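The values are calculated or read from the model by the stated rules, or taken from the named source; none is laboratory data. This one's a predicted model, so the numbers in the text were calculated from it and none came from an experiment. Using ideal geometry, Cβ is built from the backbone for each residue, glycine included, and neighbour counts are taken over all protein chains shown. Side chains included, ligands, DNA and RNA excluded: accessible areas come from the protein's heavy atoms. Shrake-Rupley method; radii C 1.70, N 1.55, O 1.52, S 1.80 Å.
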Amino acid sequence: MGGVHPPGHKERTAASAVERAPVPERLVVPLSQHLGAPCAPLVGKGDRVERGQMIGDVDAMVSAPVHSPVSGVVTEVGVTLTAGGQRVAAVTIEPDAPQDLGSFVPVEDTGDARARVRAAGIVGMGGATFPSVVKLSPPKGMAIDTVILNGCECEPFLTCDHRLMLEEPEHVVAGARHIRDIVGASRVIIGLEDNKPDAAAALRKVAGSDIEVTELPTMYPQGAEKQLIYALLRKEVPHGKLPAATGALVHNVATAAAIADALEHGRPLMERIVTVTGAVARPGNYRVLFGTLVSDLIEHAGGFVGDVERVIAGGPMTGQALGTLEVPIAKGSSGIVALEKGVAARAISDDQPCIRCGRCPEVCPMGLEPYILATYSGRRMWDAVAARSVIDCIECGACSYVCPTKRPLLQLIRVGKSAAMSKGAK
Amino acid sequence: MSDSRVQQHIVGPSPHITSKATCSGIMLWVVAALAPAAIWAIVNMGLVAVQLLVVTIGVAIGTEAAWNAIARRPQTILDGSALVTGLLLALALPPRTPWWMAAVGAFIAIALGKMVFGGLGHNLFNPALVGRAFVALSWAGVLAGVENRGWFRTLADVSAEGYDTISGATRLAVATADRAASGGYGFDLVAQYEPLLLKNLEGSLGEISAALLILGGAVLIIKGIIDWRIPAGYIGTMGIVSWAFGSDPVFHVLAGGVLLGAFFMATDYVSSPMSKKGRLIYGIGCGLFNALGRFVGPMPESTTFAILFMNGLAPLIDRMTRPRVFGVVKSDE
Ligand code: SF4
Ligand code: SF4
């Protein structure tokens with residue numbers, strides 16, 4: 001089923017217990033930290049806010065409200081650049097000097113678990129940032145029988161999910177049970193790669209007989225939704241259908257823990273574990289308040305060492321290269337990875353030939369032929385790329401990773417994919 | 001926060017890391033895998049071997065450099081593929097091939113075998129084999145003449161007679177003639193294993209040692225550079241067909257250009273199929289046509305044409321063996 005084995009680089013932070021990053025002098029909290037409709041601000045300049053207070057919301061199905069991670073004063077309601085390179089509305093908050101992070105304004109309990117998950121602003125924390133409430137409300141006629149928690153963390157460098165499973169396994173397991181009960185599933189599987197035996201053991205200790213913990217071969221992209229469902233259930237998500245068509249619902253382990261927090265303590269999503277690693281002086285796993293700037297976080301991690309060429313938000317296979325470090329950590333920020341010269345990919349150009357080595361079709365987890373898709377995209381042959389199932393590409397980057405002539409395969413395929421999608425090809 | 005530091009960071013699309021494999025790295029592994037055989041040939045044949053290697057490699061790289069310069073295209077000789085083509089061509093020619101003939105072969109290999117198609121990656125046929133085929137078709141008589149040297153029946157003969165003094169048809173040619181005349185063989189095929197494996201001065205340069213070619217091929221397979229399915233399909237089919245024709249399968253695999261073809265020529269990425277299944281089919285096809293050429297056609301040395309023929313079929317095999325898209329059931333298509 002394809003896949004690649006990039007060097008893990010996880011040893012740098014796998015043994016570092018989660019540490020709280022300091023409260024910065026100011027937080028720039030984006031009002032769009034999720035996939036879907038951006039929130040409108042609920043506060044104005046000069047307002048006092050409490051930790052946990054909702055500061056942004058919008059009346060839309062696919063959206064998630066935003067809460068203040070600190071108590072403090074709003075100094076500006078403006079715009080910020082996100083790690084993803086978009087300009088979005090943001091609330092700048094100056095935190096109170098002694099900051100009590102132990103308390104927060106809880107989310108009201110109306111007795112409706114889904115509503116509470118939504119009100120807590122929970123989104124997929126594996127990086128996709130899709131509002132969790134939507135996933136917890138499968139379309140009519142689609143029965144979910146199995147809940148899968150994704151603890152693969154197949155991206156190189158990242159260890160935030162690893163530490164979470166190791167340090168708070170009961171949280172993860174509780175979240176799994178909540179999700180199971182909400183969707184009415186009968187089976188729960190926590191899937192993780194076999195490079196984290198300690199986390200698997202910790203989960204098993206608290207799991208009980210109703211929750212299966214399954215270790216899978218370490219391979220990228222083991223944690224991609226369709227690949228994970230296949231690895232655990234041997235079911236393929238049918239072409240053009242939602243993953244729920246297999247009866248499985250996949251949530252990230254950190255999302256599950258956040259759901260448990262929200263339902264048991266009314267705790268809104270205000271912070272997360274971020275792996276700061278690569279060429280920094282003090283790599284580690286930090287609990288970071290949303291709105292903390294990447295530059296502050298890098299400084300806390302001791303600054304860069306060596307010749308840093310790219311700084312990635314997320315993992316190096318699917319993350320975003322940052323043009324500026326003055327962007328805030330948000331709900332989807334799993335890691336900040338500083339890549340040194342030599343480790344980072346070369347700047348990409350489309351001047352190298354395909355030597356037909358066969359590597360990219362071999363590693364493509366979707367069974368596509370990346371070399372053909374890239375060539376056709378380069379020639380703007382949109383019907384041809386559509387006919388070769390370009391829309392099934394999950395943009396994992398395994399093809400570009402493996403290409404010996406370093407062809408920018410995924411970059412070309414993305415162009416073809418968006419063209420095919422905008423033409424409404426199926 | 002100094003802005004200048006931020007400026008240095010490169011913004012590019014994911015993935016932000018790549019594997020260590022490079023085109024030139026792969027080509028250098030192929031060269032390294034062929035080097036033992038080439039060096040062993042030089043040790044045993046001396047200057048003739050050096051001359052042939054220098055001419056083919058030099059002309060191959062020179063032709064590519066000149067083509068790029070004239071066409072005002074970026075220089076590509078550092079990708080290593082011209083070096084591999086030159087080396088393979090030398091190993092596929094008899095050591096006493098006149099130097100000018102080898103030069104013409106190398107020029108044709110690069111110019112007509114690769115550059116006219118648009119360079120590396122765009123050629124349909126293996127360039128080295130295009131060069132060899134051109135030489136073989138143009139000067140068949142000359143090649144046959146220079147090939148007729150170097151057969152000693154057992155390894156012990158080598159010390160008795162020097163390389164220069166041995167002459168006669170290759171054992172493969174003799175075997176073929178024997179078969180045609182009587183259906184049997186006038187000499188012991190099994191006794192030929194040892195010289196063929198270790199030291200063999202007949203035929204082309206690369207036939208010097210089957211053992212070293214197998215070693216080089218094994219290294220490439222273990223390094224993940226070539227797919228075992230091509231040589232396995234090729235050699236397996238060659239053996240089975242030889243056996244079916246009542247001949248000795250091991251002899252027919254070791255003699256002639258089969259091993260050089262199976263491990264190093266047929267496995268050329270550009271001119272072979274992409275999928276695992278396709279590669280197995282292709283390897284089997286190469287072996288089949290090579291064996292048929294030997295047993296049915298009057299062409300004991302059919303390796304070149306068997307592989308070139310299968311090169312031509314590779315796009316068709318690719319089309320027949322396209323991967324199944326995840327989540328798509330066959331009947332959906
Ligand atoms: S084509 Fe798409 S799905 Fe296949 S390897 Fe490339 S990025 Fe991944
Ligand atoms: S990995 Fe690169 S060189 Fe190999 S087949 Fe794919 S595009 Fe071509």
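Summary of computed values
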quantity	calculated
Sparse-neighbourhood loop sites, trypsin sites (Lys or Arg not before Pro) in segment A:198-298 - DSSP loop, at most 12 other Cβ within 10 angstrom	A:ARG234, A:LYS241
Part-to-part distance (alpha-carbon centres) for segment A:336-390 and segment B:63-107, which is given in Å	30
Label point at A:SER422 placed 7 Å out along Cα→Cβ; residues across segment A:380-401 whose backbone nitrogen lies under 13 Å	A:382
Under 5 Å, built H, 5+ apart or other chain: amide partners of A:VAL29	A:VAL91, A:THR92, A:ILE93
Apportionment of accessible area to carbon and sulfur, segment B:23-144, percent (1.4 Å)	77
Calculated FRET efficiency for the pair B:VAL116/B:ASP178, C-beta based, R₀ 41 Å, to 0.05	0.45
In nm, spacing of pseudo-spin labels at A:ARG380 and A:ASP145 (7 Å Cα→C-beta vector)	5.0
HN-Hα J in Hz across segment A:85-94 - Karplus 6.51, -1.76, 1.60, θ = phi - 60°, x for Gly and Pro	x, 8, 9, 9, 5, 8, 10, 8, 10, 9
Within chain B, longest stretch clear of exposed trypsin sites (Lys or Arg not before Pro) (DSSP loop, no more than 15 other Cβ within 10 Å)	B:224-323
Contour excess over end-to-end distance, with Cα ends at A:ARG12 and A:HIS265 and 0.36 nm allotted per residue	87.8 nm
Separation in nanometres of the label points that stand 7 Å from Cα toward Cβ, at B:LYS277 and A:ILE391	2.6
Rounded to whole Hz, the Karplus (6.51, -1.76, 1.60) HN-Hα couplings of segment B:23-31, x for glycine and proline	4, 5, x, 5, 4, 5, 5, 5, 4
Between segment A:112-136 and segment A:249-317, the alpha-carbon center distance in angstrom	19
Long-range HN-HN contacts of A:VAL188 with modeled amide H, under 5 Å	A:VAL147, A:GLU212
Cα-based shape type of the protein assembly as shown, given that a ≥ b ≥ c are square roots of the gyration tensor eigenvalues and the cut on a/c is 1.5	prolate
GNM result for chain B, Cα springs below 10 Å: residue of B:GLY186, B:GLY257, B:GLY86 fluctuating most strongly	B:GLY186
Other-chain or far-sequence residues with amide H under 5 Å of A:VAL79's (modelled H)	A:ALA90
Residues listed by number, segment A:101-145, amide nitrogen under 17 Å from A:GLU212 label point at 7 Å toward C-beta	A:144-145
Residue of A:SER209, A:SER71, A:SER186 that the Gaussian network model of chain A assigns the largest fluctuation, springs spanning Cα pairs under 10 Å	A:SER209
Where chain A is the region considered: accessible area per residue in Å², 1.4 Å probe	37
Karplus-derived HN-Hα couplings along segment A:146-155 (A = 6.51, B = -1.76, C = 1.60, θ = phi - 60°), whole Hz, x at Gly and Pro	10, 9, 10, 9, 8, x, 5, 6, 7, 5
Inter-centroid distance (Cα atoms) of segment A:137-171 relative to segment B:199-246, Å	49
